[in-house]
Amino acid sequence: MNGIPSSDWLAIAVFIFFFGVTIVLGTTVVHWRGKVSKGSAAPQPHGGEGTEDWGLGGRQFGAWVTWFLVGGDFYTAYTVIAVPALVYAVGAYGFFALPYTIVVYPFIFMVMPKLWKIAHANGYATAADIVRGRFGSRQLELACAFSGLIAVMPYIALQLIGIRTVIEALGMPGNISLIVAFLSLAAYTWLGGLHAPALTAFIKDIMIYIAVIAAVTIIPLHLGGYGAMFDAAAKVLPSPDGEHVLKAGQMMPYATLALSSALAAFLYPHTLTGILAAKSANTIRQNAVYLPIYTIVLGLIALLGFMAHAAGVDTKVSSLVVPLLFLKTFPDWFAGFAFAAIAIGALVPAAVMAIGAANLMTHNILPKKYETVNGSRVASFAVKLGALLCVLFLKADFAINLQLLGGVIILQTFPALILGITKIRLSAFSLLAGWIVGSVVGLSVCWMDGLKPVHPLGFGGSSELVSTGLIALVINLVVALAVNMVSVMISGKNKGTVAAQ
Amino acid sequence: MRYLDLLLLAPFVGLLWVPFYNLQAPALFGFPFFYWYQIAWVPLTSVIIWFVWKKGEHS
């Protein structure tokens with residue numbers, strides 16, 4: 001397809017070996033975990049008691065497991081394919097992923113230990129649980145739960161697309177392989193729960209590190225160093241002038257997209273699941289210090305977009321930039337290894353996403369009687385099936401657009417979840433009003449702009465592009481504050497203070 | 001401790017004010033300033049978070 005060179009059996013064999021081993025390890029995790037990790041209670045594979053174990057790994061992941069789990073879950077395979085693809089297409093502008101994944105850590109350090117403590121003390125497993133506990137409002141709980149669910153589904157679809165991309169690059173038929181990948185993912189989460197991605201995340205990370213380090217050392221050596229690489233890329237993507245890197249009009253969207261992505265990143269069900277599964281608040285603080293190591297790798301991965309230009313990769317299908325670069329510069333067996341790394345890199349986050357979504361379904365949306373391990377398993381299966389149908393019957397572009405809308409949607413849960421832990425007291429009603437207005441405005445603006453993540457705003461005569469999610473969040477906050485002030489003036493006392501206790 | 005927390009705003013200021021680093025020169029190991037400046041913020045942010053965490057624990 002699309003002129004992809006068909007690779008030989010060696011690449012395919014290496015790919016199948018690594019992918020298969022990971023699936024088998026993840027699926028059988030309940031059988032070998034007790035023997036490997038000391039001191040942890042044996043999990044209950046069946047029955048209704050083990051939802052905390054299946055959905056949150058029993059909240060006992062230490063610093064190392066959390067590092068691999070959150071890292072494996074936040075820096076997904078889609079990142080490995082999409083970030084270089086964006087850099088390949090638009091140049092330096094695509095680098096906004098870097099400031100995004102740096103400023104997210106001070107935010108995690110300040111906010112997440114507090115959320116973890118609230119969740120740990122009350123047995124909460126989801127963002128919607130925390131919001132319900134804080135405000136006692138079923139409507140606000142449902143608003144957060146549905147936002148999370150809608151936002152995470154296209155994200156899972158993108159992971160499946162990531163798997164399909166590398167399988168197709170190996171010259172195998174896409175849709176059949178996709179169904180095989182889906183079934184592997186289903187078995188893997190059904191049996192292993194959160195332990196499956198947590199304990200196989202290290203395989204994914206080590207493989208990704210090997211592939212990326214090989215790429216960022218070997219490829220520039222071929223090309224004559226990083227300076228030559230930047231020069232070669234500059235021929236295809238010229239800088240605006242001799243002095244600057246971004247065009248003047250790109251700076252505002254660069255900064256606001258970085259900020260809105262960072263604020264949204266840990267509101268998603270999958271990232272929050274990784275955080276809440278930590279053993280202690282200090283485990284999270286420690287991870288805020290050490291997780292940025294992944295960001296260095298992300299910066300190097302982004303450079304693959306420039307290397308593709310320097311290496312003469314020429315394609316219109318941007319998602320194929322990285323696979324084509326690997327096939328062009330590596331021996332077949334190593335390309336197979338790198339593709340397996342990407343596929344496993346999709347499997348780990350997809351599993352955590354499905355589990356996070358299942359937690360939302362069983363805890364916050366469905367009636368209490370479904371809050372069992374099997375209920376969660378069925379819910380996570382349903383979510384994955386939805387994602388699979390998205391991939392099979394909709395275009396890849398559509399999944400990407402949905403994921404963009406998902407980012408706008410999830411950001412609207414920020415006030416309810418994050419303001420809930422500060423000293424600012426807003427009533428559930430005002431937060432709900434903010435959420436509705438923010439979501440409606442954000443989605444319609446995005447829709448009217450033809451599904452672009454940025455919207456032009458006037459600043460003293462000149463117009464600048466600003467992240468739509470961020471605009472909607474500001475509107476959301478303003479509405480929430482205004483409604484709260486009005487209701488305080490009417491009733492004479494702050495309902496939020498009562499509800500907060 | 002409150003004042004110490006303000007250090008955590010440094011990465012936001014350093015990275016979200018783009019005109020400050022939207023420059024080709026000076027290059028480092030072939031990397032234009034724009035790229036190595038942002039990559040340099042990664043270890044710097046780790047150190048800042050670690051410092052705020054450990055100092056905050058002792059005070």
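None of the figures in this text is laboratory data; all of them are computed from the coordinates on show. Keep in mind that this is a model prediction, so the values were computed, not measured. Backbone-built Cβ (ideal geometry, glycine too); neighbour counts: all protein chains shown.
Computed log10 I(q)/I(0) for region A:331-417 at 0.12, 0.23, 0.25 Å⁻¹: -0.52, -1.19, -1.21, from the Debye equation with unit scatterers placed on every C-alpha and solvent omitted.
The alpha carbons of chain B occupy a box of 43, 21, 11 Å along the principal axes, longest dimension given first.
Spherically averaged projected area of the convex hull of Cα atoms, chain A: 23.9 nm². For the peptide A:292-300, the mean number of other protein chain Cβ atoms found within 10 angstrom of a residue's Cβ is 4. Quarter the surface of the alpha carbon convex hull of region A:320-473 and you get the mean projected area, 14.6 square nanometres.
Here's the picture: a label point sits 7 Å out from the Cα of A:LYS247 along the beta-carbon direction, and within region B:18-52 the residues with their amide nitrogen under 20 Å of it are B:18-24, B:34-35. Projected over all directions and averaged, the alpha-carbon convex hull of region A:73-196 occupies 10.4 nm².
Between 0 and 90 degrees, the angle of helix B:33-58 with respect to the longest Cα principal axis of chain B falls at about 10 degrees.
With distances taken between every two different alpha-carbon atoms, region A:155-269 has a Kirkwood hydrodynamic radius of 18.5 Å. For chymotrypsin sites (Phe, Trp or Tyr not before Pro), the sites in region B:1-44 that DSSP calls loop and that have at most 16 other Cβ atoms within 10 Å are B:TRP17, B:PHE29.
Rounded to the nearest whole Hz, the Karplus-based 3J(HN,Hα) values (6.51 cos²θ - 1.76 cosθ + 1.60, θ = phi - 60°) of region A:302-319 follow the sequence 4, 5, 4, x, 6, 4, 4, 5, 5, 7, x, 6, 10, 9, 8, 7, 5, 5, with x at glycine and proline. Taking each residue as 0.36 nm, the span from A:LEU25 to A:ILE436 lengthens on full extension beyond its C-alpha to C-alpha distance by 143.6 nm. Summarise the long-distance tail of P(r) for region A:203-261 by giving the % of C-alpha pairs beyond 19 Å. Summing the P(r) of region A:203-261 above 19 Å gives 57 percent of all pairs. Note that region A:371-376 has calculated 3J(HN,Hα) couplings of 7, 10, 4, 5, x, 5 Hz, one per residue in order, obtained from phi through the Karplus relation 6.51 cos²θ - 1.76 cosθ + 1.60 (θ = phi - 60°); glycine and proline are x.
Listed by chain and number, the aspartates and glutamates whose C-alpha is less than 17 Å from the C-alpha of A:LYS452, apart from same-chain residues fewer than 8 away, are A:ASP397, A:GLU464. Comparing Cα centroids, region B:1-49 and region A:281-360 end up 23 angstrom apart. Neighbour counts of C-beta atoms inside 10 Å place A:CYS144, A:CYS390, A:CYS446 in the sequence A:CYS390, A:CYS446, A:CYS144, starting with the fewest.
Spin-label model, A:TRP9/A:TYR209: points 7 Å from Cα along the beta carbon direction are separated by 3.4 nm.
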